[in-house]
Amino acid sequence: MPALPVLFVSHGSPMMALAPGEAGAALQRWGQALAARGDWRAVVVMSPHWMDPVAAVGSHPMPPTWHDFGGFPPALYRLQYPAPGDPALARSVVERLQAAAIPTAEDPERPRDHGVWSPLRFLLPQARWPVVQVALPADAGPAAVYAIGAALADLRDQGVLLMGSGSLTHNLMAFFAGRPTLDAPADPAVQAFSAWVWDALQAGDLTALLDYRARAPQAEQAHPTDEHLLPLFFALGAARWPQTAGQTVQAITREVQYRHLAMDSYAIG
């Protein structure tokens with residue numbers, strides 16, 4: 001059986017949990033294939049909605065579903081994702097980060113934020129596989145986040161699905177300025193940035209991606225701040241991309257929602 005892929009998923013707006021668009025259907029299709037495999041046991045995921053001074057690791061045995069947003073419909077606050085945690089796996093993640101000289105700590109209290117549970121509701125709706133979350137260090141750039149993923153890469157050989165959850169574009173000022181509909185035509189700047197990232201992935205150009213802020217078109221508009229793109233580098237590091245011969249990056253979806261939110265999600269093999 002092929003090795004487990006590493007995933008990068010865009011979780012977009014919290015409303016994805018109720019109005020997922022094509023991105024939700026695409027994650028469901030991929031999740032059905034993952035669920036059918038018998039060679040994996042847990043998920044380790046990084047989300048930008050947990051930022052910490054270090055790459056902390058959640059070790060709660062049953063993390064509560066955290067509705068870490070405000071002003072949305074009541075139905076959104078009733079959603080739950082009751083997947084268990086895995087304290088033993090969390091300890092193993094901490095040990096790997098420590099071995100790579102990456103500052104870390106266990107957090108046995110941290111709940112599960114929507115950057116994790118919102119896409120997993122579609123990818124793995126059964127909520128039966130343990131999920132362990134890694135914090136995004138608040139001062140980390142692309143290379144440092146890549147190194148965090150790379151420190152955990154061997155977990156793929158132990159049946160752990162590694163995933164970064166962010167958003168390929170994330171300009172909330174533009175979104176709230178216009179309040180576009182889910183299916184509004186994509187902003188050309190969003191399309192340009194998404195196309196540049198896709199082309200760099202297909203070319204295996206890690207150097208360009210690490211320097212995306214200087215090289216990518218419309219980078220400042222796509223990401224006024226870095227945090228929602230950084231989980232892509234966690235996923236690339238976890239796949240040790242592009243160091244392994246024969247690696248591919250497949251698009252799970254490249255939908256744009258609400259004009260400004262590129263929902264690009266990738267499977268890195």
Can you go through His49, His60 and tell me which one is in contact with an Asp or Glu (Cβ under 8 Å, 6 or more places away or on another chain), open to solvent by 40 Å² or more (accessible area, probe 1.4 Å) and over 15 Å from Ser165 (Cα atoms)? His60
Near pairs, Cβ below 9 angstrom, 6+ apart or cross-chain, from segment 137-162 (more than 10 Å from Gly237 (Cα to Cα) and open to solvent by less than 10 Å² (accessible area, probe 1.4 Å)) to any residue that is aromatic (Phe, Trp, Tyr) and in a loop (DSSP other than H, G, I, E, B): Gly159/Trp40; Val160/Trp40; Leu161/Trp40; Leu161/Trp129
Sort out which residues of segment 122-136 are buried (at least 22 other Cβ atoms within 10 Å of the Cβ) and either out of contact with any strand residue (DSSP E or B) (no Cβ under 6 Å at 6 or more places or on another chain) or modelled with pLDDT under 95 (or both), and write them in order of number. Leu123, Leu124
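For the subset of segment 78-109 comprising residues that are assigned to a helix (DSSP H, G or I) and aliphatic (A, V, I, L, M), which member is most open to solvent (accessible area, probe 1.4 Å)?
Ala99
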How many residues does segment 52-72 hold that are part of a loop (DSSP other than H, G, I, E, B) and either under 21 Å from Trp129 (Cβ atoms) or under 21 Å from the mean Cα position of the chain (by Cα) (or both)? 14
Given the structure, is Ala75 of a type outside the set (Phe, Trp, Tyr), free of Cβ contacts under 8 Å to residues at least 24 places away in the same chain, open to solvent by 20 Å² or more (accessible area, probe 1.4 Å) and not in a loop (DSSP other than H, G, I, E, B)? no
Taking Gln250 as the residue in question, decide whether it is in a helix (DSSP H, G or I) and open to solvent by 60 Å² or more (accessible area, probe 1.4 Å). no
Hey, any hits in segment 174-197 for a residue that's closer than 19 Å to Gly269 by Cα and modelled with pLDDT of 95 or more? yes
Only residues that are touching a Phe, Trp or Tyr at 6+ places or on another chain (Cβ under 7 Å) and in a helix (DSSP H, G or I): list them for segment 5-51, please. Pro14, Met15, Gly24, Leu27, Gln28, Gly31
Checking the conditions here, which among Gly38, Gly21, Gly58 is out of contact with any helix residue (DSSP H, G or I) (no Cβ under 6 Å at 6 or more places or on another chain), without any contact (Cβ under 8 Å) to a residue 40 or more places away in the chain and farther than 13 Å from His114 by Cβ? Gly38
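The values are calculated or read from the model by the stated rules, or taken from the named source; none is laboratory data. It should be emphasised that the depicted structure is a prediction, and the values quoted were computed from it without experimental measurement. No Cβ is skipped: glycine too gets one built from the backbone with ideal geometry, and neighbour counts run over all protein chains shown. Calculation scope for accessible area: heavy atoms of the full protein, side chains included, ligands and nucleic acids excluded. Shrake-Rupley method; radii C 1.70, N 1.55, O 1.52, S 1.80 Å.
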